[in-house]
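Shown next, in structure tokens, is the structure this report addresses.
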Amino acid sequence: MFETERLIVRPWESADAARAFDIYSKEAVTKWIGMDKPLDDPAQGEKMIARWADLAAKHDHRYGCWAAQIKETGVIAGTILLVPLPDPADGRFPGAIEVGWHFHPDSWHRGYATEAARGALQLADSYGLTEIFAIAWPGNDPSLAVMRRLGMSYLGRTDRWYDREAECYVLR
């Protein structure tokens, strides 16, 4: 997909299932991303990777949920995503695109989310995508800080997507 100074952003692979499970079995991660509960079975990591591959196949090459791998160590720090948001019932922002990130706690506070998201935004720009949203549940201060570091503009709170109130930012 793309590289940054410290990361290789690529599709998740079957061999990454244990790390996917490790990331998404952490309540500290899942409580912020709309998962009902953390993963509790290692086989769920493989299923999650398969779901992301299906998502990529369903959409064109521009979109996906990708592994953000640290160049120096080979460890996957987390997931970076560039995906269509669900079409809202009110018809506003049809075809809206979201940039997002889910990182393992052992990779927090190192700038990886900002670096990967910046790369995803550059990729989106290269595809001619001119408006990218980011949303976070209220209280997710680290993600809100990433949005501000990316230069995104605050639009306010919305319940337009994911059936839950969220802080909404946009980059135009």
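No value in this document is a laboratory result; all are computed from the given coordinates. For clarity, every value in this text was computed on a predicted model and none was experimentally measured. A quick note on method: Cβ atoms are made from the backbone with ideal geometry, for glycine too, and the neighbour counts reach across all protein chains shown.
Details
- Peptides 157-164, 73-80 ranked from most to least packed, by the mean per-residue count of other Cβ atoms within 10 Å: 73-80, 157-164.
- Beta bridges by DSSP in the chain, antiparallel share as percent, to the nearest 5: 95 percent
- Whether segment 97-148 is rounded, prolate or oblate, judged on the alpha carbon gyration tensor where a/c under 1.5 counts as rounded: oblate
- Summed over qualifying helices (DSSP H, 4 residues or more, each -39500 (n - 2.57)) and divided by its residue number, the chain shows a 222 nm mean residue ellipticity of -9000 deg cm²/dmol.
- Taking amide H as placed 1.01 Å from N in the peptide plane, the amide H of Gly78 sits under 5 Å from that of Ala68, His104, each at least 5 places away or on another chain.
- In segment 102-172, the GluC sites (Glu not before Pro) that fall in loop regions by DSSP, at most 13 other Cβ within 10 Å: Glu131, Glu165
- Set of lysines with alpha-carbon distance to Lys26 below 20 Å, sequence-local pairs under 8 removed: Lys37, Lys47
- Cα gyration tensor shape for segment 1-131, rounded if a/c is under 1.5, else prolate or oblate: oblate
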